[in-house]
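Once you've had a glance at the structure underneath, I'll fire off some questions.
The values are calculated or read from the model by the stated rules, or taken from the named source; none is laboratory data. Just so you know, these numbers come straight off a predicted model, no measurement behind them. Using ideal geometry, Cβ is built from the backbone for each residue, glycine included, and neighbour counts are taken over all protein chains shown. Ligands, DNA and RNA are stripped out before the accessible areas are found, and what is left, the full protein with its side chains, is counted by its heavy atoms. Shrake-Rupley method; radii C 1.70, N 1.55, O 1.52, S 1.80 Å.
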Amino acid sequence: MPEQQKEGESAPEAITSGTSVPRRRARRTTLLIAGAAVLGALAGTVTGYAVQYHRAPTPLPPLAQQTMDGPKPAAVNDATSRRSTNAGRWHQADEDLAKKLVDVPGGVQDSFSGPVSADAFAASWYLRPSDAVGGLIRDGIKSVATARWAENDRNFIEVHLLQYRDRSGAEGFQSEMVGYMPEKDYAGNTGKDFPGVPADFGHLWIDSKAHEEPGYHPVRQARALVRRGDIVMVVEYTNNRGDIDEKALVDIAKRQMERL
């Protein structure tokens, strides 16, 4: 019970209808409203996921082209080739680049001429193929074609054409090769300009010395590098007696340049 009013004290003022609600009660009300809003949004999201989960999936529209035009892989027999047994790996652009390869001479051994995949080229060209194929793809490799043959079990020739999606990729391959060829593990010298080609577009290297191992013939190699637009041409000439016919290398490279 409230204490009795002392004598001389005035009565407390009555609380009118316009008096503000206490501050603590207002903060509690605000928190309750915010919590209710969060719970409402969460409940709505969960309900939406539950409804969508029980609905049947909407089928995608049919493709405009149901089947891809192209040859079907053939069963292996005496008439098949790498291209016919792996028809899905080839593209028309690969065929176009392969048509630019120099003709393989008649009467040679172990000859091949045609398109190759980027991973197959990396496996035959680089010391770390798994890393190299990623670099080729990043640089925009488009297609690769190779021609190779052997002459009299002494001379081995390989011609590689690498076409990139733009000129910068071809320039990158060229500058990389120019950078490492002078090292002792490769040519061991700076080489010289390829005859008839501007210095920025062609180069030629012949190994400073033959690579010799006990029980094997001395192996010596020469390389010609020429770039034309977005295509890089590399000609490798290997002799297993330690002798390099520079004139023969230049002749093959010039005939390949004419085809380009």
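Of E246, E176, E236, which has the most accessible area and how do the rest follow, probe 1.4 Å?
Putting E246, E176, E236 in descending order of accessible area: E176, E246, E236.
Once the whole set of protein chains is in place, how much accessible area is left on Y180, using a 1.4 Å probe, in Å² to the nearest 10?
Surface open to solvent at Y180 totals about 40 Å².
So with the 1.4 Å probe, I'd like the accessible area per residue for segment 158-260, rounded to whole Å².
53 Å²
Now for a different question. Given a 1.4 Å probe, how much area per residue of segment 96-157 is accessible, in Å²?
Values: 3330 Å² over 62 residues.
Computed with neighbouring chains in place, this is 54 Å² per residue.
Taking all protein chains as present, what is the carbon and sulfur share of the accessible area of segment 140-260, in % to the nearest whole number, probe 1.4 Å?
Exposed carbon and sulfur together represent 44 percent of the surface.
By the scheme Lys and Arg +1, Asp and Glu -1, what is the net charge of all other residues having a beta-carbon under 15 Å from that of D139? Write out the running numbers ahead of the final one.
Numbers: positive: R138, K142, R165, R167, R227; negative: D119, D131, D166, E171, E176, D230.
That works out to -1.
Related question: Points 7 angstrom from Cα along the Cβ direction at Q109 and E183: gap in nanometres?
3.2 nm
R0 = 35 Å: FRET efficiency of R128 with E258, Cβ-based, nearest 0.05?
With R0 = 35 Å, the Cβ-Cβ based efficiency is 0.50.
Apply the a/c threshold of 1.5 to the C-alpha gyration tensor of segment 199-260 and tell me whether it is rounded, prolate or oblate. Write down the numbers at each step before the final one.
Numbers: a/c = 2.96, a/b = 2.40, b/c = 1.23.
Because a/c hits 1.5 or more and a/b exceeds b/c, segment 199-260 counts as prolate.
Still on this structure, please answer the following. Using only Cα positions of segment 105-153, each an equal point scatterer, no hydration layer, compute I(q)/I(0) via Debye at q = 0.16 Å⁻¹ and quote the log10 values to two decimals.
These q points yield log10 I(q)/I(0) values of -0.54.
Taking the Cα centre of each part, how many Å lie between segment 117-183 and segment 245-260?
18 Å
Further, regarding this structure: For M181, what charge total do you get from the other residues with a beta carbon under 14 Å from its beta carbon, if Lys and Arg give +1 and Asp and Glu give -1?
Once positives and negatives cancel, what remains is -3.
For segment 138-260, what does the convex hull of the Cα positions come to per residue, in cubic angstrom?
Roughly 113 Å³ of hull volume per residue.
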